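J.: What follows is a single structure, and I will ask about it in a moment.
Read-outs: derived from the displayed coordinates by stated rules, not from any lab. Owing to the predicted nature of the structure, the values given are computational and were not obtained by experimental measurement. So basically every Cβ, Gly included, is an ideal-geometry build from the backbone, and we count neighbours across all protein chains shown.
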Amino acid sequence: MERPATGEGTGPALRRKPLSPTAQSIHLTVNGVSKRLHVEAWTSLLDALREDLGLTGTKKGCDHGQCGACTVLLNGRRINSCLTLAVMKDEAEVVTIEGLAQGDELAPLQKAFVEADAYQCGYCTPGQICSAMGLIAEGRAKTRDDIREFMSGNLCRCGAYPHIVAAIEKVMKESHS
Ligand code: FES
Ligand code: FES
């Protein structure tokens, strides 16, 4: 069975298996672009983004809600996309790491991560940056310790934490000034 098209402007579809008869059609707005896709009832939002839409910037670390590598913004709030079923998010707005820059202009957090040398291998970085976007929008963090606490769901195996916190603190202060 030919798998249905996933929508205009999508990346390469990586999922190869034919869909089951119980697959469902959902609509998402991803990085400002309307996407219709067909997913299994058990497909996580993470797999839908990566495998159906070709948005591989969002990373799969543990696939169990423990590392934060899969963090995206859903209706403006940060979530672990590996713990979220795509079918439950019909009509949601999703922002991934690919949606943060404006053309060639990096988002402030992306720039700050580069300037602060806030990554080594970079695997956790998309999740760190999306989570930090959510953190700043929440407005709860006031201190470095707050940042550490509220970013504690985003692990970095390379141990770049001091630089990650510094990058987030810089943007947080700028956004409040
Ligand atoms: S891949 Fe989702 S929390 Fe680790
Ligand atoms: S930079 Fe390597 S896991 Fe964070």
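J.: Okay, helix-only estimate at 222 nm for the chain: each DSSP H run of n ≥ 4 adds -39500 (n - 2.57), divide by all residues, round to 500 deg cm²/dmol; what do you get?
T.: Dividing the helical sum by the residues of the chain leaves -7500 deg cm²/dmol.
J.: Okay, moving on. If neighbour count is taken as other Cβ atoms inside 10 Å, put 44, 20 in order from fewest to most.
T.: 20, 44
J.: Going by a ≥ b ≥ c, the root eigenvalues of the Cα gyration tensor, does region 55-177 fall in the rounded group (a/c under 1.5), the prolate group (a/b larger than b/c) or the oblate group?
T.: Note, shape of region 55-177 comes out rounded.
J.: For a label point 7 Å from the Cα of residue 144 along Cα→C-beta, name the residues of region 90-130 whose backbone N is under 11 Å from it.
T.: From region 90-130, the list is empty.
J.: I've got another one for you. Roughly how tilted is helix 161-176, in degrees to the nearest 10 and between 0 and 90, from the longest Cα axis of the chain?
T.: 90 degrees
J.: Answer rounded, prolate or oblate for region 61-119, using the Cα gyration tensor with square roots of eigenvalues a ≥ b ≥ c: rounded when a/c is under 1.5, else prolate when a/b is larger than b/c, else oblate.
T.: oblate
J.: Which value, in debye to the nearest 20, describes the size of the charge dipole of region 45-98 about its Cα centre when Lys and Arg Cβ atoms bear +1, Asp and Glu Cβ atoms bear -1, and nothing else is charged?
T.: Rounded to the nearest 20 debye, it is 280 debye.
J.: Across every pair of different alpha-carbon atoms, what Kirkwood hydrodynamic radius in Å does region 24-99 reach?
T.: For region 24-99, the Kirkwood estimate is 11.9 Å.
J.: Exposure proxy check: 37, 45 ranked by fewest other beta carbons within 10 Å?
T.: 37, 45
J.: How would you rank 161, 119, going from fewest to most other Cβ atoms within 10 Å of each one's own Cβ?
T.: Fewest to most other Cβ atoms nearby, the residues stand as 161, 119.
J.: In percent, what relative contact order does region 60-177 have, based on Cα pairs under 8 Å that are 6 or more apart in sequence?
T.: 30 percent
J.: Using Cα atoms only, what is the angle between the long axis of helix 125-138 and the major principal axis of the chain, expressed in degrees (0 to 90) to the nearest 10?
T.: In the chain, helix 125-138 runs at an angle near 70 degrees to the longest axis.
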